[in-house]
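What follows is calculated from the coordinates using simple rules that are stated; it is not laboratory data. For clarity, every value in this text was computed on a predicted model and none was experimentally measured. Cβ coordinates were reconstructed from backbone atoms using ideal geometry, including for glycine residues, and neighbour counts include every protein chain displayed.
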Amino acid sequence: MSPNMSLIKNPMPSQDPSVRIHNFDEVALGYTEQMAVSEAMRCLDCKTMPCAQGCPVKIHIPEFIRKIKECDFEAAYQVIARSSSLPAVCGRVCPQETQCEAKCVRGIKGESVGIGRLERFVADWHNDHCNTPPVRPTPNGHKVAVIGSGPASLTCAGDLAKKGYAVTIFEALHLSGGVLVYGIPEFRLPKKIVQKEIESLQALGVDIQTNVVIGKTLTIDELFENGYEAAFIGSGAGLPRFMGIPGESLKGVYSANEFLTRNNLMKAYKDHSSTPIMHAKKVAVIGGGNVAMDAARTALRLGAKEVSIVYRRTLEEIPARKEEVEHAKEEGIIFRLLHNPVEILGYNNPEDKRDPMNGFVTGIKCIKCQLGEPDERGRRKPVDIPDSEFVIDADCVIIAIGTTSNPLIKSSTDGLDVNRQGGIIIEEETGRTTKEGVYAGGDAVTGAATIILAMGAGKTAAKAIDEQLLN
Amino acid sequence: MYRIINKKVLNPTVTMMDIEAPLVAAKAQPGQFIILRVDEEGERIPLTIAGYDRQAGTVKIIFQVVGTTTTLLNKKEQGDYIQDFVGPLGKATVLDGLKKVCIVGGGVGCSIALPIAQKLHEMGCIVHSIVGFRSKELLILEDEFRACSDKYTIMTDDGSLGRRGLVTEALKEAIEAGEDYDEVITIGPLVMMKFVVATTKPYNVPTTVSMSPIMIDGTGMCGGCRLTVGGCTRFACVDGPDFNGFEVDFDEAISRGAMYRDFERHSYEETCNLFKKEVE
């Protein structure tokens, strides 16, 4: 088999932008078998596997791609499944361009191999063709509690269940999946895919208890009293961050978490949803991460005529996945770069205190910036340009500038130490916290980060829990 | 699923239910709240806990039928189930060391004030309760309040029961008459709490208010319940629901509470029409 020497990836079939901005269906449609094999043929099967070095869960990438070349898609899936418990999710939401694909040799001249697209293809192929339930492992008699049901927790629970642990997941919301269900929109990650991943965990014997808030309904100490021998905290990031500028409490100002939760978890985009959401005309989203892109594209689909991303730096520094930025641009999202919001403006009719428009957002005042010296993390700092203030009209402002930690678990758990930002302190190699038998990973430790990093942390902790309990 | 063990209509618009939720009942404290969803498609709404029975494993909720969700909830009968019921959320009301307290409750807010009054009474604290209703028909929990209050004053807007006037009038008189309260705890409509605070502030009587803004998750994730307290952004779900009344920006809270008024009215009318059709 001679390699496919095309310098570019096989393009991803996608819904046309003019169509997809009116629906919540998935944007990327996935490779066909033919496209997948053709893309796999671009892989040079490097002996040194630089791609796998870039993967937080160390998927044996050349091996699964080799199986695709051989058209043995199920075998390819089994290779991925050895390392990742959520391939259909990761194939869709991982920032491949900064991980596996960043290290790909083909990327030196031309585009890297579309590893993410191939992973997605393999996972979807498996889900469409294989319905044999996983074999339940023999119970090993040990009980482990997993707190939260996002990517870190699902990974940790899955790895432990495969080893025969009796795992119970405690989820605060009425639905499991964490950020995969409340945060990431349907058009980027269909909820039936998340559901499928959760069902496969349940088939392995994982028990999921929704509506249990650890730190409130039960404490970690009570979990131990109830016979759990170890606990993993994967409760995610916490409270949304605000900027502390005037006007953030006006009507029409949302945190991205609230806006996305109303839409994704509570299905506010559906006609007869009982949860309200604002159907705004002009929306300004503050921030440049994936969450900002998700919020902007959601606002567009809810019927906004104009949606802009307001970001203090340039496209060079923007933290969102490349594909999300491209999709957003294709959909007509305006990028207002080097803009720093200084005030959110609201309507106020001094003549009539009962005017129903009083207190609603009318715009956002920004100051223009230029990039200055790099900060301690090497990112160039935006510096305001004096007297450059101007107003962007908006009837809705969504703030997507990250989160701070959630206080519920730390305030109810003696001996669990947190850092200055409120993140749980762990030992990197094991996920072990300062409290005996308690492990943690994901955003609860790092603050808002990526799904794959959370999965990597869940995996590390599962291994350490296994070692602790079997010794 | 969570079973309705008991349902009682308290007045034409206020209903009481005991919900089987042993984990919540085991932990509940006065001042905390729960979040419920009536059915699969339902929205999440917060309701403050009106009581609990740890032995029976039940939690008492008292709600006013004001919108779609409370209408649907009110259609449920004893023995029926509701979809989700999670809690106890928020911080319990801090009552340590209080010797003499005035509880000021308005309307259905009295149901939340009751467990606080009861707990204070149990602690041996002197409890004066001032409750306000629009009229006689809307009075709730009279016997319960009388049982735990050293003094109990009813105010009605129309004078059909007790004294005619607002709770703030009775409160002001009590303070001026020399009642030296350690604290005033007030729960009711935002406007009422705003004026209770305005009443106590000149006398510098510490005043705690219970806030119930719009919420979704109730666990510190969405940020929808934010309030400005003492000039800072605070979250009712994890920092509250109780706050120092002197520091709360009530006008902002009142404004934010009306964000979805049109949606709510529309949705409520649709639900009512649906039930009307069913009846026909």
Of region A:389-431, those with amide N under 19 Å from the point 7 Å along the Cα→Cβ vector of B:CYS232 are A:403-412, A:418-423
Gyration tensor (Cα only) of chain A to equivalent ellipsoid, semi-axes in Å sorted down, yields 37, 30, 21
Here the whole-number average of other chain Cβ atoms within 10 Å per Cβ of B:210-222 is 6
Rounded to the nearest 5, the percent of DSSP beta bridges in region A:253-399 running antiparallel is 50
Taking a straight Cα-to-Cα line shorter than 20 Å from A:LYS162, and setting aside same-chain lysines fewer than 8 residues away, one finds A:LYS58, A:LYS143, A:LYS196, A:LYS459, A:LYS463
For A:ILE425 and B:ASP39, extending 7 Å from Cα along the Cα-Cβ vector and measuring point to point gives, in nm, a value of 5.1
Among beta bridges assigned by DSSP with both residues in the protein assembly as shown, the antiparallel ones amount in percent, to the nearest 5, to 50
Length gained, A:HIS129-A:GLU317, 0.36 nm per residue minus C-alpha separation, equals 63.6 nm
Filtered hits (lysines, Cα-Cα < 18 Å from B:LYS7, offset >= 8 within chain) -> B:LYS60, B:LYS75, B:LYS76
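Just to be sure I understand the rule: take each whole DSSP H helix in chain A, project its Cα atoms onto its long axis, keep it if the span is 20 Å or more and its mean Kyte-Doolittle hydropathy is at least -0.5. Which ones pass? Before the final figure, lay out each step's value.
On the way: long enough: A:115-129 (21 Å, -0.91); A:451-470 (28 Å, 0.80).
Long hydrophobic helices here: A:451-470.
Using a Förster distance of 25 angstrom, determine the FRET efficiency expected from the C-beta separation of A:ALA203 and A:ASP72, and round it to 0.05. Display every interim value, and only then the final one.
Working: r = 24 Å, r/R0 = 0.95.
Efficiency computed from Cβ-Cβ geometry: 0.60.
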The relative contact order of region B:100-257, taking Cα pairs under 8 Å that sit 6 or more residues apart, comes to a percentage of 19
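Please state the charge dipole magnitude for region A:176-312, taken about the Cα centre, from unit charges on C-beta atoms (+1 on K and R, -1 on D and E), reported in debye and rounded to the nearest 20.
On the way: 16 positive and 13 negative charges, 221 e Å.
My answer is approximately 1060 debye.
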For A:LYS196 and A:ASP387, extending 7 Å from Cα along the Cα-Cβ vector and measuring point to point gives, in nm, a value of 6.0
With the charge dipole of chain A built from beta-carbon charges (+1 for Lys and Arg, -1 for Asp and Glu) about the Cα centre, the Cα from A:VAL361, A:PRO151, A:LEU300 projecting farthest to the positive end belongs to A:LEU300
Relative contact order as a percentage, chain B, C-alpha pairs under 8 Å and 6+ apart, gives 16
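To the nearest µm²/s, what D does Stokes-Einstein give for region A:17-129 at 25 °C and 0.890 mPa s, using the Kirkwood radius over alpha carbon pairs as Rh?
Numbers: Rh = 14.2 Å.
Here the translational diffusion coefficient equals 173 µm²/s.
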Simple spin-label estimate for A:ARG82/A:ASP355, 7 Å along Cα→Cβ, in nm, reads 6.8
The alpha-carbon center of region A:252-271 and that of region A:388-404 are separated, in whole Å, by 17
Exposure proxy check on A:CYS71, A:CYS156, B:CYS237: fewest-to-most Cβ neighbours within 10 Å is A:CYS71, B:CYS237, A:CYS156
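Taking only C-alpha pairs under 8 Å that are 6+ residues apart, what is the relative contact order of region A:253-399 in percent? Show your work: numbers first, answer last.
Working: 300 pairs, mean separation 37.5, N = 147.
Contact order relative to length: 26 percent.
Assuming 0.36 nm per residue, please report the length gained on full extension of the stretch B:ALA26 to B:SER160 beyond their Cα-Cα distance. Spell out each step's value before the answer.
Numbers: separation 134, 0.36 × 134 = 48.24 nm, distance 3.99 nm.
Extending this stretch completely gives an extra 44.3 nm.
Going by how many other Cβ atoms sit within 10 Å of their own, how do B:HIS121, A:HIS129, A:HIS142 line up, fewest first?
Numbers: B:HIS121 17, A:HIS129 10, A:HIS142 20.
Result, fewest neighbours first: A:HIS129, B:HIS121, A:HIS142.
Based only on other Cβ atoms within 10 Å, what is the fewest-to-most ordering of B:PHE246, B:PHE133?
Working: B:PHE246 17, B:PHE133 24.
Fewest to most other Cβ atoms nearby, the residues stand as B:PHE246, B:PHE133.
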Distance in Å, no decimals, from the C-alpha centre of region A:65-86 to the one of region B:37-67 is 48
For chain B, the charge dipole (Cβ of Lys, Arg +1; Cβ of Asp, Glu -1; about the Cα centre) points to a positive end, and the Cα of B:VAL94, B:PRO241, B:GLY132 closest to that extreme belongs to B:VAL94
